[in-house]
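Trainee: Structure in structure tokens, see below.
Every number in this text was worked out from the coordinates using simple rules, so none of it is lab data. Everything quoted here is computed from the prediction, not taken from an experiment. Positions of Cβ are generated from backbone atoms using ideal geometry, with glycine treated the same way; all protein chains shown enter the neighbour counts.
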Amino acid sequence: MQIPALARAARAASNWVDFEKSWILETLSKVAPQARGRLLDVGCGDKPYEFLFRPYVDEYVGVENVATFELTHAASRAAGPDLTYDGNRLPFEDKTFDTVISIQVLEHTPRPAELIAEMARVLTDDGLLILSVPFSYRLHEEPHDYYRYTPHAMRELCGRFGLSVQEVLARGGLFTVMGHQINTFLAYHVANLEGVAQSMGRLGHEGAANGVARLWTLPLVVPAMAWVGLGARVLDRVLHDPTDTLGFLVTARRN
Ligand SMILES: C[S@@+](CC[C@H](N)C(=O)[O-])C[C@H]1O[C@@H](n2cnc3c(N)ncnc32)[C@H](O)[C@@H]1O
């Protein structure tokens, strides 16, 4: 097997045991075909989801907050923003994008309502906003980790700026949350794999990882993560509890 094929297989396996990543990919894949025209990715990081939207849009522009982006781990970054700005006023004219997406960003700004107002401002009439937000998720990117969101908060925030929510997709249920917590603990606290994950292009928005991977734990940790991955998926189907979830994907249209 060639190295790129091995790397692809390793990435697919790590996506599968990482519930957050696999659910973000699944929910974004569902809504990506609704994207069109000029697309703006607000807080794009290293644009990990560009490939899902590219087939449907004419242009893909990524913008980042210079202050928070510069704190992040540049070494693993394969791609980056087209523009940076001060995190206040998006550097674009009113109504210039048909689609605006913002993936796992609203928890990282101390003023989320202002950022939604800015996204609404740059959307064309009838433009589509796609937001992915956390509900139950560990602290990350500290100290820039401020909020978690419910669907009701998202409806209220969007409605305030002339956006009506069309669809809300949850990222799994209670067992997904539990499975994600256990697998995160095994990967990062038991096997200390943060550096390995960063070398694979993951956790790119976290600070550089310290410490050496505890490779001797892998014969236990890898099968345990796979069983947790399987068990949580089965339990989430047969005993679904929607009152907990990793987060939500929300689509909204400008009225
Ligand atoms: C968890 S990362 C997500 C990055 C990328 N969207 C992804 O899904 O991989 C959060 C990102 O939000 C950015 N960010 C924080 N406040 C922002 C703001 N006001 N405007 C734009 N981006 C912002 C940070 O710089 C960081 O790259």
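Trainee: Please state which one of Gly62, Gly87 is part of a loop (DSSP other than H, G, I, E, B), surrounded by 20 or more Cβ atoms within 10 Å (Cβ to Cβ) and within 12 Å of the ligand (Cβ to nearest atom).
Mentor: Working: Gly62 fails: part of a loop (DSSP other than H, G, I, E, B).
Unique residue meeting the criteria: Gly87.
Trainee: Pairs, please: C-beta under 6 Å, at least 6 apart or cross-chain, first residue more than 13 Å from Ser132 (Cβ to Cβ) and in segment 42-69, second within 12 Å of the ligand (Cβ to nearest atom) and assigned to a helix (DSSP H, G or I)?
Mentor: The qualifying pairs are Tyr60/Glu50.
Trainee: How many residues, within segment 110-134, are surrounded by fewer than 20 Cβ atoms within 10 Å (Cβ to Cβ) and either assigned to a loop (DSSP other than H, G, I, E, B) or away from the ligand (no atom under 11 Å from the Cβ) (or both)?
Mentor: 8
Trainee: Something else: Hey, does segment 169-190 have a residue that's touching a residue at least 60 places away in the same chain (Cβ under 8 Å), part of a loop (DSSP other than H, G, I, E, B), within 16 Å of the ligand (Cβ to nearest atom) and surrounded by fewer than 17 Cβ atoms within 10 Å (Cβ to Cβ)?
Mentor: No - not one qualifying residue is present in segment 169-190.
Trainee: Turning to a different aspect of this structure: Examine segment 68-77 for a residue that is within 16 Å of the chain's Cα centre (by Cα), aromatic (Phe, Trp, Tyr), farther than 25 Å from Arg54 by Cβ and outside any strand (DSSP E or B), and state whether such a residue exists.
Mentor: no
Trainee: Six or more apart or on different chains, Cβ under 8 Å: which pairs go from a residue in segment 83-94 that's in contact (Cβ under 8 Å) with a residue 40 or more places away in the chain to one that's more than 11 Å from the ligand (Cβ to nearest atom)? Could you list them?
Mentor: Cβ pairs passing all conditions: Leu90/Arg121; Leu90/Val122; Phe92/Val122.
Trainee: Taking Arg155 as meeting all but one of (1) assigned to a loop (DSSP other than H, G, I, E, B); (2) crowded, with 16+ Cβ neighbours inside 10 Å, write down the number of the exception.
Mentor: Evaluating Arg155 over (1) assigned to a loop (DSSP other than H, G, I, E, B); (2) crowded, with 16+ Cβ neighbours inside 10 Å leaves (1) as the failure.
Trainee: Since Asp94 meets every condition but one in (1) assigned to a strand (DSSP E or B); (2) touching a helix residue (DSSP H, G or I) at 6+ places or on another chain (Cβ under 9 Å), which condition does it not meet?
Mentor: Checking Asp94 against (1) assigned to a strand (DSSP E or B); (2) touching a helix residue (DSSP H, G or I) at 6+ places or on another chain (Cβ under 9 Å), the one that fails is (1).
Trainee: Taking the condition hydrophobic (A, V, I, L, M, F, W, C), more than 9 Å from the ligand (Cβ to nearest atom) and surrounded by fewer than 16 Cβ atoms within 10 Å (Cβ to Cβ), does Ala67 pass? Please lay out each step first, then the result.
Mentor: Working: hydrophobic (A, V, I, L, M, F, W, C): yes; more than 9 Å from the ligand (Cβ to nearest atom): no; surrounded by fewer than 16 Cβ atoms within 10 Å (Cβ to Cβ): yes.
Judged against the criteria, Ala67 is not a match.
Trainee: Shifting gears a bit: Going by the conditions given, is Ser102 under 28 Å from Glu194 (Cβ atoms), more than 11 Å from the ligand (Cβ to nearest atom) and under 14 Å from the mean Cα position of the chain (by Cα)? First the steps, then the outcome.
Mentor: Details: under 28 Å from Glu194 (Cβ atoms): yes; more than 11 Å from the ligand (Cβ to nearest atom): no; under 14 Å from the mean Cα position of the chain (by Cα): yes.
So Ser102 does not fit the description; no.
Trainee: What do you reckon, is Asp41 of a type outside the set (A, V, I, L, M, F, W, C) and surrounded by fewer than 21 Cβ atoms within 10 Å (Cβ to Cβ)?
Mentor: On the way: of a type outside the set (A, V, I, L, M, F, W, C): yes; surrounded by fewer than 21 Cβ atoms within 10 Å (Cβ to Cβ): no.
Spelling it out, it is not the case that Asp41 is of a type outside the set (A, V, I, L, M, F, W, C) and surrounded by fewer than 21 Cβ atoms within 10 Å (Cβ to Cβ).
Trainee: Please indicate, with yes or no, whether at least one residue in segment 22-38 is surrounded by fewer than 18 Cβ atoms within 10 Å (Cβ to Cβ), without any contact (Cβ under 8 Å) to a residue 40 or more places away in the chain and of a type in the set (A, V, I, L, M, F, W, C).
Mentor: Yes, that holds for at least one residue.
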